[in-house]
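Read the structure below first, then the notes.
What follows is calculated from the coordinates using simple rules that are stated; it is not laboratory data. Since we're looking at a predicted model, the values are computed, not measured. Neighbour counts run over all protein chains shown; Cβ positions are idealised from the backbone, glycine included.
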Amino acid sequence: MSLTLVAAPVGDAVAQQRGKRSFIRDAEVENTIRAYATPLFQAAGLTPDAVRLHLIVDNSLNAFVAGGQNLFVHTGLIIRSETPEQLIGVIAHETGHIAGGHLARIQDAMGNASTEALVGMLLGAAVGAATGRGDIGTAIAMGGQQLAVRDILTHTRAEESSADQAAVKYLDATGQSARGLAEFFDILGDQELLVVARQDPYVRTHPLTRDRVNFVRDHVARSQFSAAPPRPEFIEMHRRMRAKLFAFLEPPSRTFQRYRDNDPAIEARYARAIAAYRKPDLDAALPLIDGLIAQRPDDPYFHELKGQMLFETGRGREAIEPYRKSAALLPDNPLMHIQLAQVLVEQEDDLALLDDAVRHLNTALRQDDTSVTGWRLLAIAHGRSGDEGMAAFAMAEQALLENRPTDAAFHAGKAERLLPKTGATWLRIQDIKERASQAADEKKRRS
């Protein structure tokens with residue numbers, strides 16, 4: 001199992017989570033959370049794009065920040081939040097930890113470890129705990145590393161109070177109610193009655209005190225924004241996000257029980273379409289998603305889901321058009337371009353599509369050059385087109401992201417020999433070689 005973030009729609013990652021993947025990339029879920037978080041980040045004086053979002057496939061109630069400006073959110077927190085205000089309240093609190101500099105001691109505890117290595121370790125520890133995979137836990141937690149990670153992620157009472165004060169400040173600054181944060185504290189209060197083994201990890205790493213609860217309740221009682229309703233679009237976005245995750249995470253039978261045939265709501269039809277596709281029953285799924293597209297023809301996520309349905313049931317050629325539509329409707333989202341490129345690359349009987357795939361991959365990687373899947377697909381596309389130099393360059397980028405410095409140096413060397421020794425690509429090759437050398441030296445020091 002790879003511990004890298006996968007550039008895949010939520011269904012692809014979640015449906016295969018047992019022993020295969022534990023992290024997801026999904027445009028709709030990420031964009032919803034970013035819509036909630038961006039005003040809070042701005043109120044805190046943070047650059048929104050500098051905060052990296054990581055979605056962990058885990059049904060427990062948890063969110064945390066680590067390794068610099070990295071926000072980790074469990075899918076369980078999203079699904080179990082009853083209103084957008086509750087999720088926004090948690091994000092506001094975690095933003096308080098980032099802005100308050102409560103993460104400085106993590107870097108101190110890890111010595112000179114790079115941010116990438118630190119985040120990788122945190123991801124690995126989370127995977128080991130979330131999946132119960134002994135092999136992963138052993139590989140990542142040698143020397144008690146998992147316990148160390150838990151200790152590092154555990155905030156002090158003073159830090160928790162500070163983050164609460166910051167959270168309500170950001171919520172007021174953005175004209176939002178702190179009721180959701182108070183409601184979340186009520187949920188945590190119920191958790192404290194459980195034995196430790198059954199508590200959600202948020203309770204164990206974010207100590208809840210009576211003073212904290214009283215502070216937030218007092219703020220709700222006096223704030224002029226406490227009665228402010230959430231934005232109407234936030235409500236629908238929240239319902240859709242919960243329905244989507246539930247439908248992909250839970251067995252289809254549970255989805256059909258929760259979202260019944262007589263429920264005409266968009267999120268209910270969305271969930272039923274996903275559940276029917278997962279059964280699999282494409283004859284039922286396609287009319288459902290086509291109905292949603294007819295109602296919302298400019299919704300990129302409905303076109304994306306239709307493309308996924310067709311592609312993953314062996315109808316790749318038909319999947320191209322809905323994926324093209326989703327990428328056109330959301331041109332600044334790299335995931336949409338990568339998904340379209342994957343379909344194009346996998347039409348092996350039509351090499352004419354490779355140029356289009358390369359174009360979309362280059363667009364995606366200009367927006368997010370940390371996508372392992374994007375570089376892998378670009379290497380395949382260039383390789384099939386006969387451009388061995390660019391294929392080697394893409395493989396070097398992929399290997400560097402996957403912390404394989406020896407492979408990165410090998411492919412970079414090959415690209416250096418085959419490509420012109422001028423321009424941005426040549427300069428990037430030199431950078432890859434230097435970073436690969438540094439990473440290899442670091443591995444030797446740690447061994």
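Be a star and scan region 351-371 for residues whose amide nitrogen sits under 17 Å from the point 7 Å along the Cα-to-Cβ vector of Q438.
370
Could you tell me which of the pairs K244/K325; K421/K444; K325/K414; K421/K443; K325/K421 are separated by over 26 angstrom between their Cα atoms in the structure shown? Provide the component values of the computation, followed by the final result.
Details: K244/K325 20 Å; K421/K444 31 Å; K325/K414 37 Å; K421/K443 30 Å; K325/K421 38 Å.
Those over the limit are K421/K444; K325/K414; K421/K443; K325/K421.
From the square roots a ≥ b ≥ c of the eigenvalues of the alpha-carbon gyration tensor of region 32-95, which class results: rounded (a/c under 1.5), prolate (a/b over b/c), or oblate? Don't skip to the end; give the middle numbers.
Values: a/c = 2.15, a/b = 1.37, b/c = 1.57.
Since a/c reaches 1.5 but b/c is at least a/b, the shape of region 32-95 is classed as oblate.
Between R210 and N262, take the C-beta separation as r, use R0 = 45 Å, and let me know the FRET efficiency to the nearest 0.05.
On the way: r = 45 Å, r/R0 = 1.00.
The computed FRET efficiency comes out at 0.50.
Need the C-alpha centroid separation for region 378-433 versus region 254-308, integer Å.
41 Å
Determine the equivalent ellipsoid of region 339-447 by diagonalising the alpha-carbon gyration tensor, then write out the semi-axes as square roots of 5 times the eigenvalues, largest first, rounded to whole Å.
On the way: eigenvalues 133, 44, 27 Å².
Computed over region 339-447, the values are 26, 15, 12 Å.
Over 21 Å apart: what share of the alpha carbon pairs of region 243-365 falls there, rounded to a whole percent? Please report the intermediate quantities before stating the final value.
Details: 3041 of 7503 pairs.
I get 41 percent for the Cα pairs in region 243-365 exceeding 21 Å.
Just to be sure I understand the model, the point goes 7 Å from the Cα along the line to the Cβ. What's the resulting E318 to L282 distance in nm?
0.5 nm
For A352 and D368 in the same chain, what is the full-extension length gain: residue separation times 0.36 nm, less their Cα-Cα distance, in nm? Provide the component values of the computation, followed by the final result.
Numbers: separation 16, 0.36 × 16 = 5.76 nm, distance 2.55 nm.
Gain on stretching A352 to D368: 3.2 nm.
Give the lysines whose C-alpha is closer than 30 Å to that of K169, dropping any in the same chain fewer than 8 places away, or say none.
By straight Cα distance, K169 reaches no lysines at all.
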